[in-house]
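See structure below.
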Amino acid sequence: MTNGGLKAALRSWVQRTDGGERMPADRAGRLLHEAENHGPNWFWQTDRHGRLTYLSDKIVAVFGAAGIDPIGSPLVDMLRIAGSESGLDDAERTIAFHLSARTAFTDYAVAPAAPGQGERNWTVSGSPFTDPYGRFEGFVGTGTDMAAVRQSDAAITRLALFDSLTGLANRQRMRLSLEQTLAQPGYDGTALFLLDLDRFKAVNDTMGHPVGDALLKQVAQRLLRVVADAGLVGRLGGDEFQVILPRIGNRAEMAALARAIITSLSQPYFLNGTSASIGCSVGIAVSPDHGATPDVLVAHADLALYAAKDAGRGVARFFNDAMLDGARTRRQMEEDLRLALSLDQLRIVYQPVVSLDGGRICGFEALLRWEHPTRGLLIPGEFLGVAEESKLIEPIGEWVLRTACHDAATWPGAARLSVNLSGAQFANPALPAIIANALARSGLAADRLELDIEEASVLRDMRAAIGVFATLRGIGVRLALNDFGAGPASMTCLRRLPFDRIKIDPSFVRGVGDPEGRNAAVIRAIATMADMLGIDTTAKGIEYHDELAALRDLGCTDVQGFVYGAPVGTAGAAARLMAEGGALTPQGPKVERAPRTRMLRSTTIEVNGARRPARIRDLSSTGALIDLVDFDDGAIGSTVRIDTGGGHWVAATVRWAEDGRAGLHFDHPIAVERRVTIRRREP
């Protein structure tokens, strides 16, 4: 039989399956072909004299490279037992014995008996076969290329222990390495860094997942360069990374390495012709002080990372016992929040939205409050993070929607109701049905309901968002883009989605009356663009009369904020609508003007984790005027940190920047008297 004999036989043979059906011969041939060409296995067949009548093409090629045609040659001449120069040293161990005895054999380690091919490592197995009359016809068998098997095993191991995108160790390998490191007797300090990328999601959502993947690869390369031989770097998934640093007991070294990591990862990335900037927060736990087992150490590093992000991101934090108290507090709040709905502890108050043309109420925004039994009245910022982490945000959001619609249906006139949607609500496929049901049960007209949607909610999946918008507009509700300008892609949202209103972020409202600032110009541009698109504009967070006057001149259609008093309950909302036809008189301070201290003093400012010198010219409890720092337009609205004196660092927002000067607004007021202790210098 020629080398095609086995395949020819397969075309004529048929095989029975367990069900008694016959397998077509051409299918058997295809299966043999697939097995030969897409795996480490190969096939052979001999005649009754032990001469090869069939050998898989890839093995024929091996002998062909040495100038040997194996077909027709004795099988025992083509193979030798591994570790032996002859196949006949031990008759009971050789293939020749089995061929002569006509007995089966399994997994003999062999190598090709061909010049230059001895390094190959195969195993062969075979069995005798007979014709339909029981007469011996020869042997048929299989072989396996063990080198290919080892390569396959190595590939499987790599997939099991390494991240396929970055090539770093994956979660499983990091876990094994941490277990082995902590199990070593007499080790002196092992540090575990947990890293979370800041603003990575915005890059991924706005520039696309391929760009996000390329960014993660560059992050991995930078981490490897910074950490070098000091430890093992791994990617846990998404934008989470981990570093294991064995035998590093000096916390000053750990802190220095963490700062170096933050600085490196905060430098701009250049991806497909565009640049992107992200940041990094680091949580650090040290064994044995913070835990002697992997689970405890990881849990404590995670708490430290949570504290780093809570501190404004772009920083590193070591674990301390107080963080456990914070974790217990969050767990307790989660348990309390689960009971809040059933115990009727949640409340809705309504903040008026006032038209600048006439000063009358045109609607109300529903704001959530929690009457906690021991902590008093809580605003959303104090518990919505816990609600999101615990997956309670959806049922709470649905309760707000239903309750607010019911309340608004009882108000006189046609004032609109504005309700915020969380990202989880917007991603829920049942959202249109939930909204339609809330409208039907309350009797509220669909065009009186306005849904406030966050930029991040639609950027997560723009194609899906377009479909959701079409469905919601089909119901008849209005759609508003919340906190316009605060995110990185507000214009993208506005260009692709049919919003009825944009709500300008309060960060643009603060300082709108400052002649040295740029906020007024930005708001005018937003209002003009919205007017051309037929979109209403609402400025949020108005607290002072001078802001109100400026926004009227800049072309905004509506405003809302504490300048018209605190939010009220549903009865108070109805009363305000009935009083004087909904007209409201501004309350509160006329202007925002914190006392300023003029000075000329050197300081340090931290931008994206990198520190650089600067100079303070004016300082107040709410902000500072600095110079010697060049910001680009993209920095306006970003968060920086500045030393206000004596090593007291505060977070601040860049309100404007021009010609090496910038105006900063502190996230939290400071006590200027305590901080201004350095001698002033004249210019």
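Looking at region 427-435, is at least one residue under 20 Å from the mean Cα position of the chain (by Cα), open to solvent by 40 Å² or more (accessible area, probe 1.4 Å), within 23 Å of residue 370 (Cβ to Cβ) and of a type in the set (S, T, N, Q)? Yes, the conditions are met somewhere in region 427-435. Kindly indicate whether any position in region 310-321 is open to solvent by 60 Å² or more (accessible area, probe 1.4 Å) and in contact (Cβ under 8 Å) with a residue 24 or more places away in the chain. Yes, some residue in region 310-321 is open to solvent by 60 Å² or more (accessible area, probe 1.4 Å) and in contact (Cβ under 8 Å) with a residue 24 or more places away in the chain. Scanning region 618-638 for residues that are assigned to a strand (DSSP E or B) and surrounded by 17 or more Cβ atoms within 10 Å (Cβ to Cβ) gives 619, 620, 623, 624, 625, 626. In this structure, does residue 597 turn out to be part of a strand (DSSP E or B), β-branched (Val, Ile, Thr) and at pLDDT below 90? Considered against the rule, which asks whether it is part of a strand (DSSP E or B), β-branched (Val, Ile, Thr) and at pLDDT below 90, residue 597 comes out as yes.
Regarding residue 398, is this residue surrounded by 17 or more Cβ atoms within 10 Å (Cβ to Cβ), touching a residue at least 24 places away in the same chain (Cβ under 8 Å) and not in a helix (DSSP H, G or I)? For residue 398, the condition - surrounded by 17 or more Cβ atoms within 10 Å (Cβ to Cβ), touching a residue at least 24 places away in the same chain (Cβ under 8 Å) and not in a helix (DSSP H, G or I) - is not met.
Can we say residue 470 is within 25 Å of residue 632 (Cα to Cα) and either aromatic (Phe, Trp, Tyr) or open to solvent by 30 Å² or more (accessible area, probe 1.4 Å) (or both)? No; evaluated as a whole, the condition is false for this residue. Note on region 325-344: among residues that are assigned to a helix (DSSP H, G or I) and free of Cβ contacts under 8 Å to residues at least 24 places away in the same chain, the one that is least open to solvent (accessible area, probe 1.4 Å) is 326.
Taking the listed residues 317, 347, the one that is basic (Lys, Arg), modelled with pLDDT of 85 or more, more than 30 Å from residue 545 (Cβ to Cβ) and not in a helix (DSSP H, G or I) is 317, with no other qualifying.
Pairs meeting the criteria (first residue in region 542-562 and over 19 Å from residue 530 (Cβ atoms), second residue of a type outside the set (Gly, Ala, Ser) and open to solvent by less than 10 Å² (accessible area, probe 1.4 Å), beta carbons under 6 Å, at least 6 apart or on different chains) are 543/563.
Kindly indicate whether residue 369 is assigned to a strand (DSSP E or B) and either free of Cβ contacts under 8 Å to residues at least 60 places away in the same chain or touching an Asp or Glu at 6+ places or on another chain (Cβ under 8 Å) (or both). In short, yes. Checking each residue in region 639-661 for being open to solvent by less than 30 Å² (accessible area, probe 1.4 Å) and of a type in the set (A, V, I, L, M, F, W, C) picks out 640, 642, 650, 652, 654, 656, 657.
Restricting 244, 248 to residues that are out of contact with any Lys or Arg (no Cβ under 8 Å at 6 or more places or on another chain) and at pLDDT 90 or above narrows the list to 244. Residues in region 212-255 that are assigned to a strand (DSSP E or B), without any contact (Cβ under 8 Å) to a residue 60 or more places away in the chain and more than 12 Å from residue 286 (Cβ to Cβ) were compared, and the one that is most open to solvent (accessible area, probe 1.4 Å) is 240.
Taken together, 459, 417, 421 contain a single residue that is more than 23 Å from the chain's Cα centre (by Cα) and crowded, with 19+ Cβ neighbours inside 10 Å, which is 417.
Counting only residues that are farther than 19 Å from residue 251 by Cα and either surrounded by 23 or more Cβ atoms within 10 Å (Cβ to Cβ) or touching a Ser or Thr at 6+ places or on another chain (Cβ under 8 Å) (or both), region 283-309 holds 1 of them.
The values are calculated or read from the model by the stated rules, or taken from the named source; none is laboratory data. The structure presented is a predicted model; accordingly, all values stated were derived computationally and were not measured. Cβ: placed from backbone, ideal geometry, glycine included. Neighbour counts: every protein chain shown. Accessible surface areas use protein heavy atoms only, side chains included; no ligands, DNA or RNA. Shrake-Rupley method; radii C 1.70, N 1.55, O 1.52, S 1.80 Å.
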